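Report on the structure given below.
Laboratory data are not the source of any read-out in this text; all were calculated from the coordinates shown. Only a predicted model underlies this, so the values are computations on that prediction, with no experimental measurement involved. Please note: Cβ atoms are built from the backbone with ideal geometry, for glycine as well, and neighbour counts cover all protein chains shown.
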Amino acid sequence: MDELDQFKGNWEAQSDQFPQLSKTDISNILKRKSTSLVKWILIFGIIEFALWSVFSFAFNNQSTESLSEASSIKTFSTILEILSFAVLIYFIVQFYINYKRISVIDSTKALMLKILKTRKTVKLYIIINIALLFSGTIGMLFMMVNYDPVLITDIRELQLKNSSGSFYTQLIGITFLVLVIISILILLIYWLTYGTLLRRLKTNYKLLQDIEEENTTG
């Protein structure tokens with residue numbers, strides 16, 4: 001209730017020329033704001049897809065020669081790439097569906113449900129991306145250690161100088177550290193982009209919830 005009153009007060013304080021806002025007016029404002037936020041979620045998803053496409057194209061061109069003798073690694077890399085793009089495309093479609101549906105909603109309850117669904121979709125998208133990063137990196141490392149002839153030769157030379165247990169312990173430790181650093185950077189980017197939009201959607205949801213409670217009790 002306090003958030004709704006504060007929202008009305010702040011909006012009306014911007015100009016004395018604005019008429020008194022009704023609950024319907026506020027609901028319409030929140031609907032427009034929520035629709036805009038969901039649209040930006042879709043835009044960020046498309047931008048991310050474009051960036052990953054450029055990165056993937058550049059990486060493939062650079063690594064083709066080095067992986068030419070390790071067909072199993074190339075196969076795994078291709079599968080991982082297809083899976084990553086499939087996840088991106090799936091969620092972009094979901095973001096688009098959420099945007100189209102939320103833009104034609106009239107009911108306050110339906111809008112609230114759609115906001116909750118959008119927030120869950122984005123959170124699931126972030127979780128799956130991080131899971132793919134960890135599983136893909138660990139899987140690629142395993143493939144390279146076992147099937148990359150150049151790396152296998154280097155490992156054997158290192159094993160002659162050091163114990164194999166020490167080498168693999170260091171490899172696992174470095175890989176884990178790199179994954180944690182990359183994950184933190186990705187989560188920070190997501191927090192600044194998707195996270196900001198989700199927090200605003202959460203605020204809109206609470207305001208709509210206050211309006212719905214007032215309508216119920218009133």
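In what sequence, highest mean first, do 37-43, 173-179, 92-98 appear when ranked by Cβ atoms within 10 angstrom?
Top of the packing list down: 37-43, 92-98, 173-179.
Please state the shape class of region 86-181: rounded when a/c is under 1.5, otherwise prolate if a/b exceeds b/c and oblate if not, all from the C-alpha gyration tensor.
Verdict is prolate for region 86-181.
Which whole-number percentage describes the relative contact order of region 25-212, with Cα contacts under 8 Å and a sequence gap of 6 or more?
The normalised contact order for region 25-212 reaches 38 percent.
Mind running the shape call on region 25-212? Use the C-alpha gyration tensor, a ≥ b ≥ c as the square roots of the eigenvalues: rounded below 1.5 for a/c, prolate if a/b tops b/c, oblate otherwise. Show your work: numbers first, answer last.
On the way: a/c = 4.05, a/b = 2.55, b/c = 1.59.
It is prolate, given that a/c is not under 1.5 and a/b is the larger ratio.
By a straight-distance test (C-alpha under 22 Å), which lysines pair with Lys109 as possible cross-link partners, with residues fewer than eight away in the same chain excluded?
Lys8, Lys23, Lys31, Lys33, Lys39, Lys100, Lys117, Lys120, Lys123, Lys202, Lys206
Name the residue farthest towards the positive end of the dipole of region 25-212 from the options Ile47, Thr75, Ile174, assuming +1 on Cβ of Lys and Arg, -1 on Cβ of Asp and Glu, about the Cα centre.
Towards the positive end, the residue furthest out is Ile47.
Using the 10 angstrom Cβ neighbour count as an exposure proxy, how do Lys114, Lys33 rank, fewest first?
Result, fewest neighbours first: Lys33, Lys114.
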